[in-house]
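Structure provided below as structure tokens; questions to follow.
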Amino acid sequence: MSIRYQLTIEGMSCSNCEKHVREILLNFDGVSAVRVSAPSGKASFESDEEIAQEELEEVLDDEGYILTEVVAR
């Protein structure tokens, strides 16, 4: 059963940011169906494995983005 994640991310301003965040998220094992929107500051994806918020925060922060919210269902 996959887990659906919805993220709110600050610091995305263009389509290149969308592509970059998409690539970051796809580097996590089991991640698929990634969608990223710079105008709304949102990203969503599905994962076969649970991903800790701290892991997401760290990798996004390393690339200059700020993770402000994570909802997992």
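Under a Cβ-only charge scheme (Lys and Arg +1, Asp and Glu -1), can you give me the dipole magnitude of segment 3-72 about the Cα centre, in debye to the nearest 20?
540
Taking loop as defined by DSSP and a crowding limit of 11 other beta carbons within 10 Å, which GluC sites (Glu not before Pro) in the chain fit?
Listed in order of number, the matching sites are GLU49, GLU50.
Please report, to one decimal in angstroms, the Kirkwood hydrodynamic radius of segment 3-72 built from all distinct Cα-Cα pairs.
Taking the inverse mean of 1/r over all distinct Cα pairs, segment 3-72 comes out at 11.7 Å.
Just from its helices, what would the mean residue ellipticity at 222 nm be for the chain, if runs of 4 or more DSSP H residues each count -39500 (n - 2.57) and the sum is divided by every residue, rounded to the nearest 500 deg cm²/dmol?
Mean residue ellipticity at 222 nm (helix-derived): -9000 deg cm²/dmol.
Let me ask something additional. Can you give the angle from 0 to 90° between the axis of helix 53-62 and the longest principal axis of the chain, with both taken from C-alpha atoms, to the nearest 10?
Taking the Cα atoms of the chain, the angle to 53-62 is about 30 degrees.
Same structure again: Tell me, what is the percent relative contact order of the chain, built from C-alpha pairs under 8 Å that lie six or more residues apart?
Averaging sequence separation for qualifying contacts and normalising by length gives 46 percent for the chain.
Please determine, in degrees from 0 to 90 and to the nearest 10, the orientation of helix 15-26 with respect to the longest principal axis defined by the Cα atoms of the chain, where the helix direction is its Cα long axis.
20
I've got another one for you. May I ask you to compute the full-extension gain from ASN27 to SER2, defined as 0.36 nm times their residue separation minus their alpha-carbon distance, rounded to one decimal in nm?
Length gained, ASN27 through SER2: 7.3 nm.
Every read-out reported here was derived from the displayed coordinates using simple, explicitly stated rules and does not represent laboratory data. What you see is a predicted model, and the numbers here were worked out from it, not measured in a lab. With ideal geometry, Cβ positions are generated from the backbone for all residues, glycine too; neighbour counts draw on all protein chains shown.
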